[in-house]
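I have placed the structure first, in the form of C-alpha cells, so that the comments after it can refer back to it.
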C-alpha cells in the first residue's frame with residue numbers, strides 16, 4: 001500500500017478550500033462559457049479585497065492586430081516623474097477574466113509599487129484561440145512603450161506582470177520585446193504562478209488535480225479552448241531564449257497544479273544566468289492574489305512580491 005503524501009496547508013487556505021469544496025458547485029467546464037465567466041467575477045466579489053483608492057483609474061484603447069484593445073491605466077499619482085510602468089495581463093486560462101476580474105489586484109499593485117499599471121483586456125478563447133492573446137498583449141505593450149503622451153506620463157521601461165495565463169503572457173511578451181525591442185526596454189518581468197511548458201505529467205499536476213481550486217478538469221477545458229501549439233515558444237515560453245531574460249521575480253504557489261511548470265522555468269533562467277528572485281508561497285493555492293479577503297495571508301504574499309520587485313529595481317540603478 002502506498003503512503004498518502006500530506007501537504008502543508010495554511011489554516012486560512014484550509015478554511016477557504018473547505019468552503020469551496022463543500023458547495024457542490026458544478027465544474028467550470030459544465031457551466032457554459034458565459035456562466036463560467038460570470039462565476040469567476042462573482043468569486044472575486046465574494047473573496048477579493050476591496051480596491052485601493054488611486055488618483056487615476058482611466059479606461060482607454062490602443063490599436064491591435066484585430067481591432068482596438070481595451071486598456072485600463074492605474075496610478076497612485078495624478079502626475080509623476082519619468083519612470084517604468086507595469087504591463088498587467090490577467091489570468092483565467094486564456095478563457096475567462098477581464099479588466100474587472102483583476103481590478104482590485106491592479107489597484108493594489110499601483111498603490112504598493114507607486115508606478116503606473118496598464119491592464120490589458122486581450123481577446124479570449126475559444127472565440128479567439130492562440131495566438132490572439134499574446135498578439136494583443138505584445139501589441140498593447142509596444143503601444144504603451146511608444147505613447148507616453150497619450151498616457152500623460154513618461155514611460156522609461158516596461159515590467160510585464162501577470163498571474164496564471166497572464167504570467168505565461170508576461171514571459172511571452174518579455175521574450176518578444178527582448179528579441180525585437182520596443183520604444184523603451186523591458187527592465188523586469190513578474191510572472192505569478194505561470195504556465196511555462198507543455199509537459200503533461202508534472203508531479204504537481206498529480207498531487208493537486210482535485211480540491212485545490214484549480215482542477216485538472218478546468219485546466220483541460222482551458223487547454224481545449226485555447227488550442228496552444230505544442231512546442232511553440234509563444235504558447236510555452238520554456239522554448240524561448242533565456243540567456244537574455246531581464247531580472248525576474250518568479251512566483252509559484254505550493255498547492256498549485258501548475259507549480260512545477262513555474263519551477264522548471266525558474267531552473268532554466270538560472271541555468272542561463274538570468275537574475276531571478278524565486279518565491280514559492282508555501283501552503284497556498286493557485287489564484288491566491290485574487291482572494292485576499294478569503295485568504296488574508298495572501299496579502300502578506302503580495303507584500304513579499306512587492307519587496308522582491310523593489311529589490312531588483314534598486315539593483316538596476
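Readers should treat all values here as calculations from the given coordinates under stated rules, not as data from a laboratory. None of the values given here were measured: they were computed from a predicted structure. Here Cβ is always computed from backbone atoms with ideal geometry, including for glycine, and neighbour counts include all displayed protein chains.
Structural remarks
- Potential lengthening between residue 244 and residue 297 on full extension [0.36 nm per residue; Cα-Cα distance subtracted]: 15.7 nm
- Once both labels are positioned 7 Å from their Cα atoms along Cα-to-Cβ, the gap between residue 46 and residue 7 label points is 2.1 nm.
- Ranked list, fewest to most other Cβ atoms within 10 Å of each Cβ, for 29, 243: 243, 29
- Rounded tilt (10° steps) of 216-226 against the dominant C-alpha axis of the chain: 40
- Shown is the FRET efficiency for residue 19 and residue 207, computed with R0 = 25 Å from the Cβ-Cβ distance and rounded to the nearest 0.05: 0.75.
- Taking a ≥ b ≥ c as the square roots of the eigenvalues of the Cα gyration tensor, the range 263-317 is oblate, since a/c reaches 1.5 or more and a/b is not larger than b/c.
- Using C-alpha pairs below 8 Å separated by at least 6 residues, the relative contact order for the chain is 19 percent.
- Among 110, 42, 209, the largest mean-square fluctuation in a Gaussian network model of the chain (Cα springs under 10 Å) belongs to 42.
- Using a Gaussian network model of the chain in which every pair of alpha carbons under 10 angstrom is joined by a spring, one finds that among 156, 79, 289 the greatest mean-square fluctuation is at 79.
- Stretch gain in nm, segment residue 307-residue 264, where the contour uses 0.36 nm per residue and the Cα spacing is subtracted: 13.2 nm
- Listed residues 36, 182, 18, most fluctuating in the chain (Gaussian network, C-alpha, under 10 Å): 18
- Our note on the geometry: Cα centres of the range 223-240 and the range 260-274, 17 Å apart.
- Share, in percent, of DSSP beta bridges within the chain that are antiparallel, nearest 5: 35
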